[in-house]
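Engineer: The structure is given below, and queries will be raised subsequently.
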Amino acid sequence: MTTILQRYKSLALKKKKHSWASVLKTNPQLRGVVMRARILTPRKPNSAKRPIAKVVLSSDSRVTAHIPGVGHNLRRHSAVLVRGGGARDLPGVWYACVRGVYDFSGLLKKTKRRSIYGARLILKNNEIKKKRRCFRKA
């Protein structure tokens with residue numbers, strides 16, 4: 001049986017969950033402007049060239065965000081949407097850019113996991129499926 005003091009200590013030692021994406025605060029995403037797009041190499045066991053962007057968010061904070069997918073069209077002063085969760089093997093990169101929003105184009109000819117890369121659904125006759133608009137009938 002635990003004593004009252006032991007129970008009190010166990011409650012006092014519980015820590016709050018720490019979020020690495022602390023700049024976003026309570027927002028799921030924030031708009032930002034790219035200041036520089038460059039390439040970074042990952043930590044020790046991995047070796048690659050990963051694209052990142054230095055972004056100034058609308059909350060006047062500066063972050064480094066990972067650019068997902070193959071190739072990108074980001075240049076200086078491009079508008080991007082930044083979400084939490086960057087690349088695990090890149091030191092200090094805790095954010096990622098969202099493809100297909102603002103100036104950041106989505107990938108073409110992507111058939112699987114399209115929502116992550118901002119790709120549209122391509123039909124059999126090479127037409128891009130347009131979003132349906134549902135209007136309420138009076």
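Engineer: How many of the residues making up the range 43-74 are more than 18 Å from Asp89 (Cβ to Cβ) and outside any loop (DSSP other than H, G, I, E, B)?
Structural biologist: 5
Engineer: Okay, moving on. Please work out if Leu40 is surrounded by 12 or more Cβ atoms within 10 Å (Cβ to Cβ), at pLDDT below 90, touching a strand residue (DSSP E or B) at 6+ places or on another chain (Cβ under 9 Å) and under 16 Å from Val93 (Cα atoms).
Structural biologist: Considered against the rule, which asks whether it is surrounded by 12 or more Cβ atoms within 10 Å (Cβ to Cβ), at pLDDT below 90, touching a strand residue (DSSP E or B) at 6+ places or on another chain (Cβ under 9 Å) and under 16 Å from Val93 (Cα atoms), Leu40 comes out as no.
Engineer: Let me ask something else. Show the residue pairs meeting these rules: Cβ distance below 8 Å; 6+ apart or different chains; first residue within the range 50-65 and free of Cβ contacts under 8 Å to residues at least 40 places away in the same chain; second residue polar (S, T, N, Q).
Structural biologist: Lys54/Thr64
Engineer: Now, a different point. Can you find, within the range 3-30, the residue that is modelled with the highest pLDDT among those that are under 19 Å from Lys54 (Cβ atoms) and not hydrophobic (A, V, I, L, M, F, W, C)?
Structural biologist: Looking at residues that are under 19 Å from Lys54 (Cβ atoms) and not hydrophobic (A, V, I, L, M, F, W, C), I get Gln29.
Engineer: Continuing with the same structure: Would you point out which residue out of Arg31, Arg62 is in contact with a strand residue (DSSP E or B) (Cβ under 9 Å, 6 or more places away or on another chain), closer than 27 Å to Ala119 by Cβ and of a type outside the set (Gly, Ala, Ser)?
Structural biologist: Going through Arg31, Arg62 in turn, the sole match is Arg31.
Engineer: In the range 12-33, what residues are part of a helix (DSSP H, G or I) and among the hydroxyl-bearing types (Ser, Thr, Tyr)?
Structural biologist: Ser22
Engineer: Continuing with the same structure: Tell me which of these Ala96 doesn't satisfy, since it passes every other one: (1) over 12 Å from the mean Cα position of the chain (by Cα); (2) part of a strand (DSSP E or B).
Structural biologist: (1)
The values are calculated or read from the model by the stated rules, or taken from the named source; none is laboratory data. Everything numeric in this text was worked out from a predicted model, so none of it was measured. Heads up, the Cβs are rebuilt from the backbone with ideal geometry, glycines too, and the neighbour counts pull from every protein chain shown.
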